[in-house]
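A quick write-up on the structure given underneath.
What follows draws every value from the coordinates through simple rules; no lab data is involved. Treat the numbers as computed from the prediction; the structure is a model and nothing was measured. Cβ: placed from backbone, ideal geometry, glycine included. Neighbour counts: every protein chain shown.
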């Protein structure tokens, strides 16, 4: 990955993703609309416990349980900037009992050599998006965004910035910020936003690029100092933190999350799960948790996302040329 890949420094925050089902290639039995679900489900998360994706998945799963009448076990399968979890999910039986949190990386990793593309999943709806934040440890010598950028320009490639994994959205955000600012950073990959934030808190790295829900908690209790939010406007969870645009850099970048299953999900099962996802995403509890974390809660249908799937994948293809 090189800076030229990020000639576009503004990436859309809002989007949805859905794909049409392909032939059912998993499982020997198809669940019927009458019996599904008759046992517990597993919800796969590509990132570690405690991060923004995990928070979204666990909150949503709890709300879905009440509607489906079955327990939903959240399973974290980390690694490869999302590759491990997304690969595992797509290879599960397409019977509705394996669902997962699908991040923006599903539209990115295929252009980086991974066998991961949107059409390998049956997406049930988008549930959130999350702006990026740039943070430093509480005892960092950099008190402001301008000081941080100036230091990076003075010593190109010397300032370490933790992210959620090589090739993942927060590494992309780090490179995009560097290009917009005319600076060069040293991205350091971790298995998710939570470990990246932990590295920043401990001083293992000099800065952290992560989602707002991952950095805001550490900021509120004084362990991190958030220098800027890479969002169109200030976020609820960090009302005193300026946007990069306010500070002179017109850059907006962030991630989004959907709930999906392996491709080929039976139509009846897909409809039942999509309805449960939408109901959970529209719940007061879910919306409150997302808003307090600084994310934007959403509750879209699979049909609303069909055209976006290809356009988003195509857009990242242009960026990674």
Going from the fewest other Cβ atoms within 10 Å to the most, one would list 149, 102, 251 as 251, 149, 102
Remind me, what semi-axes does region 130-230 give for its equivalent ellipsoid, largest first in whole Å, using sqrt of 5 times each Cα gyration tensor eigenvalue?
-> 18, 15, 12
Relative contact order computed over region 130-230 (Cα-Cα under 8 Å; 6+ residues apart), in percent | 44 percent
What fraction, in whole percent, of alpha-carbon pairs in region 141-188 exceed 15 Å separation?
-> 41 percent
Whole Å is fine, so just give me how far the alpha carbon centre of region 90-160 lies from that of region 259-301.
-> 20 Å
Could you state the orientation-averaged shadow area of the convex hull built on the Cα atoms of region 170-284, in nm² to one decimal?
-> 9.5 nm²
Which label marks the calculated value of volume of the Cα convex hull per residue in Å³, given the options (1) 140; (2) 109; (3) 124?
-> (2)
Distance from region 34-57 to region 195-221 (C-alpha centre basis), Å | 24 Å
Report, in deg cm²/dmol and to the nearest 500, the calculated mean residue ellipticity at 222 nm for the chain, where each DSSP H run with n ≥ 4 adds -39500 (n - 2.57) and the sum is divided by the residue count.
-> -10000 deg cm²/dmol
Could you tell me what percent of the DSSP beta bridges with both partners in the chain are antiparallel, to the nearest 5?
-> 60 percent
Give, in nm to one decimal, the length gained when the segment between residue 268 and residue 284 is fully stretched (0.36 nm per residue of separation minus the Cα-Cα distance).
-> 3.1 nm
